[in-house]
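Since the structure comes first, as structure tokens, the remarks are kept for the end.
The values are calculated or read from the model by the stated rules, or taken from the named source; none is laboratory data. In this text the structure is predicted, and so the values were computed from the model without any measurement. Backbone-built Cβ (ideal geometry, glycine too); neighbour counts: all protein chains shown. These accessible areas exclude ligands, DNA and RNA; they are computed on the full protein's heavy atoms, side chains included. Shrake-Rupley method; radii C 1.70, N 1.55, O 1.52, S 1.80 Å.
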Amino acid sequence: MTATAGDWLKRIRDLPLTGPVKIMNVCGGHERSISAAGIRGVLPSEIELVPGPGCPVCICPEEDVYEAIHLALEEDVTLVTFGDMLRVPVNVSRRDVRSLEQAKAAGADIRPIASPTEAIEIARGNPDRDVVFFAAGFETTMAPVAAAFCEGAPDNLYLLLSGRLTWPAVAMLLESGEPGFDALIAPGHVSTVMGPEDWQFVVDDFGLPAAVAGFTSVSLLAAMYSVLRQLLERKRFLDNCYPEVVRPGGNPGARRQLQQVFEVGDATWRGIGTIPDSGYALRPAFAERDSRQRFGEHGGQERKRVGLMPKGCDCAQVVLGKIYPNQCRIYGLACTPRSPIGPCMVSEEGACRIWWAHGIRERDVA
Ligand code: SF4
């Protein structure tokens, strides 16, 4: 008989835990499922679940958003991007255009989309117009973008690329010597594309238990049970608790297309800085699709200041799992979903937005 969420929870509660354990989940979707199901509230008090760097909108460099705003305002283009990105504020004076939403209100042709397919449809439907896809996302977003370009995207579609890989951020945390977690729940969707093997380094190089999880309570609790048991029994392996979808090697076709279209290099993450080998860039064969080549840069070197966050904003700390969302100095005060200061309160995958949406109003600031 298949174990239910209740069964996994009982197994976790029956474990002879003797001290605190921190488990990081590296996926906004995981954080949403955990919060929606109230999993934190039913786990033994020794277990802490720490949301990690799993929101692509949250880590998109501020200067990339600024560039998208000014490209849309200054060029005769249609700019398409995921809806969440429209409300992300940049660090400029309140008198200036501070978001893509404000640029749209000021007359720029900016259209929210829900998937890369919509970007292609908009380009196909407007063959006389240049369409720029401001593509911020992780492997799961970059794979369909790569597929579109391999399979023949319309000639009038360009990319303003802000794509990132997830595992290097976790590697950076582990290499810091103070990762702030004892075990890892690895992202299911990313593993579907790239294969669970992307996370083997957590076990092999750093000796931490890891398990890939899906998005149901059953899969998440099974993964938590796995890593807790590994800790207790002093065993280490990468467990796949999402086997119905995640296969060894991932999706070879998608990986091939990713490799065909993109190369991987160092990249900046908002508020964090440069992470080695963490960013996608178009290969020379696709350079003509690079909006920066077609329209020039719309930011300038003075915008390259990823370390800078808005005053009082602790998004970088939240993204790295160093503090919980409600430990930010301005959570629920200056920063709310209605009036966000940082990207983590904007995106559906941002930990602050998720916590607020699930009713966490108490602040936890010393
Ligand atoms: S409450 Fe706002 S400013 Fe603070 S970390 Fe969250 S999103 Fe950033």
Using only Cα atoms, find the angle between the long axis of helix 28-37 and the longest principal axis of the chain, and express it within 0 to 90 degrees, rounded to the nearest 10. 50 degrees
Stretch gain in nm, segment D364-D205, where the contour uses 0.36 nm per residue and the Cα spacing is subtracted: 53.8 nm
Amide H of R329 versus every other amide H placed in the peptide plane: which residues, excluding those fewer than 5 positions away on the same chain, fall under 5 Å? D314
Probe 1.4 Å, protein heavy atoms only - accessible area per residue of the chain in square angstrom: 42 Å²
Could you state the angle between the C-alpha long axis of helix 139-150 and the longest principal axis of the C-alpha atoms of the chain, as a value from 0 to 90 degrees rounded to the nearest 10? 40 degrees
Per-residue counts of other Cβ atoms within 10 Å, averaged by peptide: what ranking do you get for 321-329, 348-356, highest first? 348-356, 321-329
Computed over region 153-216, the relative contact order (Cα-Cα under 8 Å, seq sep at least six) in percent reads 34 percent
Per residue of region 338-354, in order, report the coupling 6.51 cos²θ - 1.76 cosθ + 1.60 (Karplus, θ = phi - 60°) as ³J(HN,Hα) in whole Hz, putting x for Gly and Pro. 6, 9, x, 9, x, x, 5, 9, 9, 6, 4, 9, x, 4, 5, 4, 5
Distance between the C-alpha centers of region 193-218 and region 1-69? Whole Å please. 14 Å
So what's the back-of-envelope 222 nm ellipticity for the chain, counting only DSSP H runs of four-plus at -39500 (n - 2.57) apiece and dividing by all residues, rounded to 500? -10000 deg cm²/dmol
Would you grab the residues whose amide H sits under 5 Å from the one on N240? Only those 5+ places off in sequence or on another chain, please, with H modelled 1.01 Å from N. V212
For region 258-285 versus region 129-191, the gap between their alpha-carbon centres in whole angstrom: 9 Å
How do 25-34, 195-204 rank on mean C-beta neighbours within 10 Å, highest first? 25-34, 195-204
Taking a cut-off of 28 Å between Cα atoms, list the lysines near K22, but don't count ones fewer than 8 places away on the same chain. K10, K235, K322
Pop out the ³J(HN,Hα) list for region 192-202 in order, Karplus 6.51 cos²θ - 1.76 cosθ + 1.60 with θ = phi - 60°, rounded to Hz; leave Gly and Pro as x. 4, 7, 8, x, x, 4, 4, 9, 4, 4, 4
Along Cα→Cβ, 7 Å out, is where each label goes; now give me the distance between the ones at A3 and R294 in nm to one decimal. 5.0 nm
Below 8 Å between Cα atoms, with a sequence gap of 6+, how large is the relative contact order for the chain in percent? 22 percent
Hull volume per residue for region 103-187, using the convex hull of the C-alpha atoms, in Å³ is 135 Å³
Rg/Rg_ref, the chain, where Rg_ref = 2.2 N^0.38 Å and atoms are Cα: 0.99
What is the set of long-range amide H partners of D290 at a cut-off below 5 Å, with H atoms built 1.01 Å from backbone N? L159
Report the relative contact order of region 68-141, percent, no decimals, based on alpha-carbon pairs under 8 angstrom and at least 6 residues apart. 41 percent
Measure nothing but the geometry: give the 0 to 90° angle between the long axis through the Cα atoms of 252-261 and the longest principal axis through the Cα atoms of the chain, rounded to 10°. 40 degrees
Counting only protein heavy atoms and a 1.4 Å probe, tell me what percentage of the chain's accessible area is made up of carbon and sulfur. 49 percent
